[in-house]
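First up is the structure itself, then whatever we jot down about it.
The values are calculated or read from the model by the stated rules, or taken from the named source; none is laboratory data. Note that this is a predicted model, so its numbers are computed, not measured. Cβ sites come from the backbone with ideal geometry, for glycine too, and all protein chains shown count toward neighbours. In case anyone asks, the SASA skips ligands and DNA or RNA and just uses the protein heavy atoms, side chains included. Shrake-Rupley method; radii C 1.70, N 1.55, O 1.52, S 1.80 Å.
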Amino acid sequence: MDKLSYDYIPPSRVDLAREADLNLGRFCIRPSRRQVEADGEVQVVQRRVMQVLVALATSSSEVISRRELVVRCWGGLSVSDDAVDRCIGQLRRLASGWTDPPFKILTIPGVGYRLEPAAVGATSASSSSVRRAYRPRMAVLPFTTLSPDPAQGYLAEGIVEEIVTSLSLFTTFEVVSAGAGIIVEGRNLTPREAARELGVDYLLDGSVRCDGERIRVTVHLIDAPTGTELWADRVEDAGGDVFAIQDGVAERVAGALEAMVEDIRLAAASRRPPADHDSYDVLLRAMDLFRFPGKAPMLESIELLERAIALDPQFAVALGHSVVCHRQVVDHEWSDDIEMFRRRGLAYAQRALAAAPRDARVVAHVAAGVSGLDDRLDRGLALAQEAISLNPASAFVWLISGSVRLRAGEPELAAAHLERSLRLDPISNRSGFARMYLASARFQQRRLEEALALFRTTTHRLPLSHAILASLHGHLGELEPARRELANFERSEAGPLEKYVRTWFPEARYRRLFLDGLSRAEGQGSPQSPALGRAR
């Protein structure tokens, strides 16, 4: 029997020209025009996507199978699984574009899909132009046990459980609970089949091998629509406590995935036209600009964040990141109205914490921002510690905590937190900032050669990097590189060097160390460098 054969009368094909308009809660569907409307906002969707939506909404049964979708929308033709996956994914993105989604499409593993309309009368309290950020969905498949003893499968199960628990702390992506089918029992599905059944964007697959006292865990991040491997890592441990091993592997995987998913989404957003960007896409573009030091990129980043917040006024991550950007403007005096940026940054900090008080990433952003906006380092330190307690598996929160500790004149603790960040995320773009700040901490610890080696591992050259490198080369007697870095600082639009000294070296002993290096770079015997009077 052909796989598309039925033992009942086949369902009719969706003919958009003949389909009547219908409503899903407050969501109006006009098939003949390929239009959907909610809260006064109208969007036009692709023909095939509209056919799938109509098929789901008008199905005579609660759950519609994939083969029935193929019959009703593709006329029973042989189509790839990706074609159905793309339509379902676009419909989910469409629904998530409103603050109160008019419907949800649920994946029933091994059966098909169910469309669940929102309650009749549900209304959105926000503007009709609100488009919420789409959160990619991730599932963790059962890890394969490669050990000679099958009884050691409990270790693989424990590792998967810990990874799911750690990933659930992140807001960058959505992890469905095990009860909803995130963990697929058995190994009879290919990655693409598993992704289709679970309705996810990414899969995390892996294996565990125990050989005597040595345990090796290998993990793979897979792009669900294409089946392409995006990232892989291996963690080994010789002996030790089994539960400690499970915790360590889960933390390492979760920390790496946070930045990896962010980088993947940024690359995807850059390929789409700006008109198709949701609020998270706009945020990613702003974050990419943040990596480039200077007044123009920072002001453009703030402008993009304003767009993201306009699309979703409760977008806490965008609000938090904007707090950091406003702090940069205040730090470097990149405006004629510094007080306005200070006030607006603090207002965004309050809004961000009100919108997501338990989101570690948001709390960390606010910690980094308020440390320079209200001159209350104690508040920034407290918020950084709170972010760590909310998600200790996040490389980002350890990075922020390290930078705030450095600003507070605590290089020893700053170095420890930055090292933790790098253990969790050693390779992403964000890790360059961690190495840069760690080099600054090593300088204050008087570990000069180690600091210089760390600076050489990253191309991230914030004004702080140039200032410390100038002093560092001065201490090492390398006068030409020292003067070159001081000139780089002066060209960086960083603001007065005197302010940098007060901001980053609040402790007298570290301030003397920094100024003495600058004096040596200019051939002066006194720590009062003439550069302080002219560097801006």
Scan of the stretch 210-241 for residues that are β-branched (Val, Ile, Thr) and more than 17 Å from Thr144 (Cα to Cα), ordered by number
Thr226, Thr228
Filter pass, Leu53 being at pLDDT 85 or above, touching a helix residue (DSSP H, G or I) at 6+ places or on another chain (Cβ under 7 Å), on the phi < 0 side of the Ramachandran plot and buried (at least 19 other Cβ atoms within 10 Å of the Cβ):
yes
For Pro293, state whether it is modelled with pLDDT under 95 and either farther than 18 Å from Ala368 by Cβ or outside any helix (DSSP H, G or I) (or both).
yes
For residues in the stretch 212-253 being in a strand (DSSP E or B) and modelled with pLDDT under 75, which is farthest from Gly89 (Cα to Cα)?
Ala238
Does the stretch 1-50 hold any residues that are small (Gly, Ala, Ser) and modelled with pLDDT of 65 or more, and which are they?
Ser12, Ala17, Ala20, Gly25, Ser32, Ala38
For the stretch 356-378, enumerate the residues that are part of a helix (DSSP H, G or I), open to solvent by 40 Å² or more (accessible area, probe 1.4 Å) and farther than 30 Å from Arg491 by Cβ.
Asp378
Answer from Glu485, Glu507 - the residue that is open to solvent by 50 Å² or more (accessible area, probe 1.4 Å) and out of contact with any Ser or Thr (no Cβ under 7 Å at 6 or more places or on another chain)
Glu507
Right, Ser401: among the hydroxyl-bearing types (Ser, Thr, Tyr), under 24 Å from Asp378 (Cα atoms), modelled with pLDDT of 95 or more and crowded, with 22+ Cβ neighbours inside 10 Å or not?
yes
Step by step: first the residues of the stretch 384-394, then only those that are in contact (Cβ under 8 Å) with a residue 24 or more places away in the chain and surrounded by 24 or more Cβ atoms within 10 Å (Cβ to Cβ), then the one that is farthest from Thr165 (Cα to Cα). Which residue is that?
Ala387
If Pro357 passes every condition in (1) in contact with a His (Cβ under 6 Å, 6 or more places away or on another chain); (2) closer than 30 Å to Arg252 by Cβ but one, which one does it miss?
(1)
Restricting attention to the stretch 410-427, the residues that are at pLDDT below 95 and under 23 Å from Asp375 (Cα atoms) number exactly 0
For residues in the stretch 291-308 being open to solvent by less than 40 Å² (accessible area, probe 1.4 Å) and touching a residue at least 24 places away in the same chain (Cβ under 8 Å), which is nearest to Thr171 (Cα to Cα)?
Ala308
Among the residues of the stretch 59-97, which ones are hydrophobic (A, V, I, L, M, F, W, C) and over 28 Å from Val42 (Cα atoms)?
Val71, Leu77, Val79
For the stretch 314-344, which residues satisfy the criterion of being open to solvent by less than 40 Å² (accessible area, probe 1.4 Å), touching a residue at least 60 places away in the same chain (Cβ under 8 Å) and assigned to a loop (DSSP other than H, G, I, E, B)?
Phe315, Trp334
Tell me which residues, restricted to the stretch 61-112, are open to solvent by less than 50 Å² (accessible area, probe 1.4 Å), over 20 Å from Val14 (Cα atoms) and among the β-branched types (Val, Ile, Thr).
Thr99, Thr107, Ile108
From the list Gln350, Gln328, pick out the single residue that is closer than 20 Å to Glu493 by Cβ and at pLDDT 90 or above.
Gln328
